[in-house]
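Novice: Structure below; questions to follow.
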Amino acid sequence: MIKSKSILSLCIIIIFVFSIVTGCSSGKPAASATPSTGASTSDTPATSDDFDPSTGIDENGLWANIKAADHVEIKDYMGILIPRDIHTITEESVKTEVDSILAGFVSEKQIKDRAVVDGDTVNIDFIGSIDGVPFEGGNTNGEGADVTIGVTQYIDDFLEQIIGHTPGESFDVEVTFPEDYGVEELNGRDAVFAVTLNYIIETSIPELSDGFVAENLSEAYGWNTISEMETDIHDRLQSSSLSRYIQEYLIENATIKSLPDSMLKYQENSMIQYLKDEAGYYNMDIDEFLITYVGVRDTEELLELYLEDNKQNAELHLILQAIAEERNITVTDNDVAQYFKKYTGTEDYSLYKESLGMPYLKMNVLNQAVIDYIQSNSVLE
């Protein structure tokens with residue numbers, strides 16, 4: 001599946017464009033249960049020549065040749081009452097983020113002297129075939145795939161059949177593809193996977209201490225103690241929760257008189273480009289990726305499925321720009337540098353500027369400035 005990311009990562013700079021790509025916000029399919037090779041994505045910004053994220057955005061981060069106030073009517077966005085459950089962050093939520101960070105420092109050990117039990121993470125290779133003929137996409141090509149029994153989603157009871165086997169063994173796993181799997185030659189077919197169990201993976205997480213924080217997290221996050229880490233995570237979680245609430249409030253309380261076609265098209269092109277880049281990481285073409293990980297046949301079906309989501313994202317851009325126009329909110333190059341310093345710990349955003357363009361970066365910083373403005377004028381219940 002597409003890798004999810006912590007609120008502490010730089011994904012915040014693309015939230016306004018790609019917020020629904022993984023399906024988590026709308027209940028739409030994000031991935032199928034096909035065997036995968038365990039490939040992962042990178043946090044390095046990546047775009048191809050097909051789409052320029054700064055297209056249609058002027059040097060101030062505004063949608064070019066669009067006066068948002070002509071297209072939307074907004075009222076009652078000053079003094080918003082924020083419900084208590086929105087701005088209250090639990091200790092459990094903070095702990096979840098801490099655990100996520102610590103997971104990046106786990107050490108792994110390869111185990112080869114015991115049988116697999118439910119819940120184990122294992123490394124396997126496999127070749128899938130139907131009627132003795134290997135089929136496309138059903139082969140790890142000897143690269144190995146890390147999977148966790150009971151967690152990773154593969155078709156049928158593929159992974160459960162690994163339980164009881166010992167590393168070094170080769171054996172067959174028999175499964176049946178769902179009737180609606182999405183690939184005509186695989187729908188409803190019985191398949192046999194020749195599996196080799198390479199090893200069991202056991203992990204250990206480092207003990208959290210002030211010393212660990214200072215040594216490993218100071219440079220990236222500016223934390224030197226557990227207390228500093230937990231306080232900052234709490235504040236970031238709260239800010240994220242408030243931001244989501246404000247965005248939803250604005251959408252529900254604004255009247256869209258008209259939506260420029262260029263803004264909707266931008267969202268659609270952004271989504272397609274994002275998924276093209278994801279497909280590249282998995283060495284797939286876009287259609288193969290959409291079938292395997294998103295559950296649609298092609299980009300036409302993708303855009304139809306996410307039409308309302310893309311409209312809503314475009315409308316949110318329109319609303320935020322209208323407020324920026326009304327309140328004379330602007331951003332400078334220095335504001336962009338300070339934004340990156342706040343969220344990444346460095347003012348050097350040259351890689352992102354080169355890849356995404358300054359207009360795009362300014363647009364995102366401007367959007368955040370508008371939300372911060374509304375938040376600063378809100379009332380906490």
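Novice: Somewhere in the stretch 232-239, is a residue farther than 29 Å from Ile319 by Cα and either in a helix (DSSP H, G or I) or assigned by TED's automatic domain parsing to the domain that holds Ile371 (or both)?
Specialist: Yes.
Novice: Only one of these conditions is not met by Glu97: (1) under 23 Å from Val365 (Cβ atoms); (2) modelled with pLDDT of 85 or more; (3) buried (at least 16 other Cβ atoms within 10 Å of the Cβ). Which number is it?
Specialist: (1)
Novice: Also: If I ask for residues that are of a type outside the set (Val, Ile, Thr) and not in a loop (DSSP other than H, G, I, E, B), which ones from the stretch 122-135 would you list?
Specialist: Asn123, Asp125, Phe126, Gly128, Ser129, Pro134, Phe135, listed by residue number.
Novice: Please go through the stretch 151-165 and pick out each residue that is surrounded by 13 or more Cβ atoms within 10 Å (Cβ to Cβ) and assigned to a loop (DSSP other than H, G, I, E, B).
Specialist: Of everything in the stretch 151-165, those that are surrounded by 13 or more Cβ atoms within 10 Å (Cβ to Cβ) and assigned to a loop (DSSP other than H, G, I, E, B) turn out to be Thr152, Gln153, Tyr154, Ile155, Asp156, Asp157, Phe158, Ile163, His165.
Novice: Just the residues that are among the charged types (D, E, K, R) and assigned to a loop (DSSP other than H, G, I, E, B), please, taken from the stretch 136-150.
Specialist: Glu143
Novice: A further question on this structure: Can you name the number of the only condition in (1) aromatic (Phe, Trp, Tyr); (2) modelled with pLDDT of 95 or more; (3) surrounded by 16 or more Cβ atoms within 10 Å (Cβ to Cβ) that Tyr221 fails?
Specialist: So Tyr221 meets the others, but not (2).
Novice: Can you give me the ranges of the helices (runs of 4 or more DSSP H) entirely in the stretch 254-372 with at least 3 residues that are more than 18 Å from the chain's Cα centre (by Cα), touching a residue at least 60 places away in the same chain (Cβ under 8 Å) and crowded, with 21+ Cβ neighbours inside 10 Å?
Specialist: In the stretch 254-372, 307-327 are the helices (runs of 4 or more DSSP H) which contain 3 or more residues that are more than 18 Å from the chain's Cα centre (by Cα), touching a residue at least 60 places away in the same chain (Cβ under 8 Å) and crowded, with 21+ Cβ neighbours inside 10 Å.
Novice: When the residues of the stretch 166-185 are filtered to those that are surrounded by 11 or more Cβ atoms within 10 Å (Cβ to Cβ) and out of contact with any strand residue (DSSP E or B) (no Cβ under 9 Å at 6 or more places or on another chain), which remaining residue is nearest to Arg297 (Cα to Cα)?
Specialist: My answer is Gly182.
The values are calculated or read from the model by the stated rules, or taken from the named source; none is laboratory data. Just so it is clear, the model here is predicted, and its values are computed rather than measured. Virtual Cβ from ideal backbone geometry, glycine too; neighbours counted across all protein chains shown.
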